[in-house]
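Everything on this sheet refers to the single structure shown next.
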Amino acid sequence: MVGKRVLGILGILSAIATFGIAGVAQAQKVIGVPHDWQLNFPPPFTPVMERVESLHDILLVIITLISVFVLFLLLYAMWRFHASRNPVATNVTHHTGLEIAWTIIPILILVVIAVPSFRLLYYSDKAIDAAMTIKVTGHQWYWSYDYPDQGNFKVESRILPEADRAKQKPQVPRLLAVDEEMVIPANTVVRIVGTAEGASMHGWTVPGFGIKKTVIPGRLNEGWISVKEEGLYFGQCSQICGMNHSFMPIAIKVVSKPEFDKWVEEKKKAAGLLPETNFASVTAPATR
């Protein structure tokens, strides 16, 4: 009887532990990471990346048709103008119609490519009705994120040493884990304003978001993201910036709106920022 009770208690504890681990894994779900033998783009997680993937598919069709056409011309030229068929070489050097054709047709192809390309550039350039703004700053060699709309606090994001990654965040691949992620709410248009500090440019690039912003000292570059699914997403610095360029991972944690508001309050308290109502009550002179 005692043995059955012990086994029952152990079963309950095991179930609790299992559900607890599953809850943690779901809260820290790793999504935006590459996988073995990956050949194509990562899955699109933002509207911008969806359009990037669509444009890529269109260009792939156009390039394939051009390649097949050029291959056909090469094979035809090898067969038609072989030395056995043409013992006497031709002396034709110009053909007006052919020269006009190979000038006009590439121009038309480039116009067909340019129209959706420019539309995508303008779509991804400026955020329309952004709910919040995050200033991304590239340092030598880490990232910092300013939240001016949430009290103007800052989060610094540095790569975790391998020993700490294995203990604290084993679900994150090596060279991608950081001590502090950039946190944003899901289903929210977030304006990204990027710059750099120091003497080097950096590249704030998250492939799954379809964003690649070169951040430059003394200049602001703008983009935007809107992520639907909660989880952890990753990118890396894409601009060769110096000795530790390979150790500047980008980690974005997408959470629900209530969880984001809770995180903001914790960061504001840690930064010593008081709510406006409390600040007014502390600084206002007493009335008699």
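The values are calculated or read from the model by the stated rules, or taken from the named source; none is laboratory data. Fair warning: this is a prediction, and the values are worked out from it, not measured in the lab. Cβ coordinates were reconstructed from backbone atoms using ideal geometry, including for glycine residues, and neighbour counts include every protein chain displayed.
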**OP:** Scan region 155-180 and report the pairs whose first residue is within 13 Å of TYR142 (Cβ to Cβ) and in the same structural domain as THR137 (by TED's automatic domain parsing) and whose second residue is of a type in the set (S, T, N, Q) and exposed (fewer than 15 other Cβ atoms within 10 Å of the Cβ), with Cβ atoms within less than 7 Å and a gap of 6+ or a chain change.
**Re:** LEU160/GLN168
Subject >> Of all residues in region 257-288 being assigned to a helix (DSSP H, G or I) and at pLDDT below 60, the one that is nearest to VAL227 (Cα to Cα) >> reply: GLU276
Subject >> Considering residues of region 186-214 that are in a loop (DSSP other than H, G, I, E, B) and not polar (S, T, N, Q) only, the residue surrounded by the fewest Cβ atoms within 10 Å (Cβ to Cβ) >> reply: ALA199
Subject >> Residue among PHE41, PHE72 that is among the aromatic types (Phe, Trp, Tyr) and out of contact with any Pro (no Cβ under 8 Å at 6 or more places or on another chain) >> reply: PHE72
Original post:
Tally time: how many residues in region 215-235 are surrounded by fewer than 18 Cβ atoms within 10 Å (Cβ to Cβ) and closer than 23 Å to LEU120 by Cα?
Top reply: 7
Original post:
So which of VAL172, VAL155, VAL183 is among the β-branched types (Val, Ile, Thr), in a loop (DSSP other than H, G, I, E, B) and surrounded by 11 or more Cβ atoms within 10 Å (Cβ to Cβ)?
Top reply: VAL172
Original post:
What about LEU232, is it among the hydrophobic types (A, V, I, L, M, F, W, C) and modelled with pLDDT of 90 or more?
Top reply: yes
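Every residue, every condition in (1) assigned to a loop (DSSP other than H, G, I, E, B); (2) in contact (Cβ under 8 Å) with a residue 24 or more places away in the chain, yes or no:
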{"site": "THR103", "(1), (2)": "no, no"}
{"site": "ALA114", "(1), (2)": "no, no"}
{"site": "LYS135", "(1), (2)": "no, yes"}
{"site": "TRP141", "(1), (2)": "yes, yes"}
{"site": "TYR145", "(1), (2)": "no, yes"}
**OP:** For region 202-234, enumerate the residues that are hydrophobic (A, V, I, L, M, F, W, C), touching a residue at least 40 places away in the same chain (Cβ under 8 Å) and under 23 Å from SER246 (Cβ atoms).
**Re:** TRP204, VAL206, PHE209, ILE211, VAL215, LEU232, PHE234
**OP:** Could you grab me the full set of residues in region 116-133 that are assigned to a helix (DSSP H, G or I), touching a helix residue (DSSP H, G or I) at 6+ places or on another chain (Cβ under 6 Å) and polar (S, T, N, Q)?
**Re:** SER124
